[in-house]
Amino acid sequence: MSTVVVLASADGLYRAGVASLLRGAGFIVVEVADVPAAIAASREHEAEVCVFDTDMDEGAAATRRLAAGSSARIVALASQRSESDVLGVIRNGGSGFVPKTANGDGLIRALRAVLAGQLAIPRGAISTLVGELRVGPRRTAVGAQRIDLTSRERNVFELLENGLTTQEMAARLGISTVTVRRHLGAIAAKAGTRGVARLRLLVEA
């Protein structure tokens, strides 16, 4: 019997391309455009896997909703592939995280791994994931409160405390400035403040 996969993406053209690829590999694909429809379709069709586009909805939050609403294994298709993005998906019940830069064979391999009960994540995130799952997130003092940060978020925050600019952080950590900003944004959200400028003020207070 063929495996039913629910594919959720608000981008109709992208969704059609991925659906064609999956059907060519023998999967039965149910296409939907948002998270509520993905939950409903997963239940109706008893889908084994739900693949969703993180450009449609924030990865960790969408994963949590999908995992709570259906029994399907959850796989994220993501434009960004920072460690915090991967960890957010896995911590919230996801089984796979596939960058959109992956080729078709990579996506098929990931789905088959997930169906076999394995995690499918980018190789570069494996050591971080193992470390986080072993010791769990550590609480870090941000202003007057303590919040849970991933290991990479802690690295970025420590550099922020030391007064480094975004460009300097990127050079020190060997990552892009876009990734640094994503980490800073995640830290700011967890600290309940809006924007990196306010986060810097919180650090300096």
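Every number in this text was worked out from the coordinates using simple rules, so none of it is lab data. As the structure is a computational prediction, the values presented were derived from the model and not from experiment. Cβ placement follows ideal geometry from the backbone for every residue including glycine, while neighbour counts extend to all protein chains displayed.
Out of the GluC sites (Glu not before Pro) in the stretch 27-68, which ones are loop residues according to DSSP with at most 15 other C-beta atoms within 10 Å? For GluC sites (Glu not before Pro) across the stretch 27-68 that sit outside H, G, I, E and B with at most 15 neighbouring Cβ atoms in 10 Å, the list reads Glu46, Glu58.
Each residue, Glu168 and Ala68, gets one label point 7 Å from its Cα in the Cβ direction; the gap between the two is 4.1 nm. Peptides 185-191, 154-160, 92-98 ordered by packing proxy, namely the average of other Cβ atoms within 10 Å per residue, highest first: 92-98, 154-160, 185-191.
Distance between the pseudo-spin-label points of Thr177 and Asp105 (7 Å out from Cα toward the beta carbon): 3.7 nm.
Which length gain, in nm to one decimal place, applies between Glu46 and Asp11 when the Cα-Cα distance is subtracted from 0.36 nm times their residue separation?
So the chain would gain 10.2 nm between Glu46 and Asp11.
Model label sites at Arg23 and Ala37, defined 7 Å from Cα along the beta-carbon direction, differ in position by 1.6 nm.
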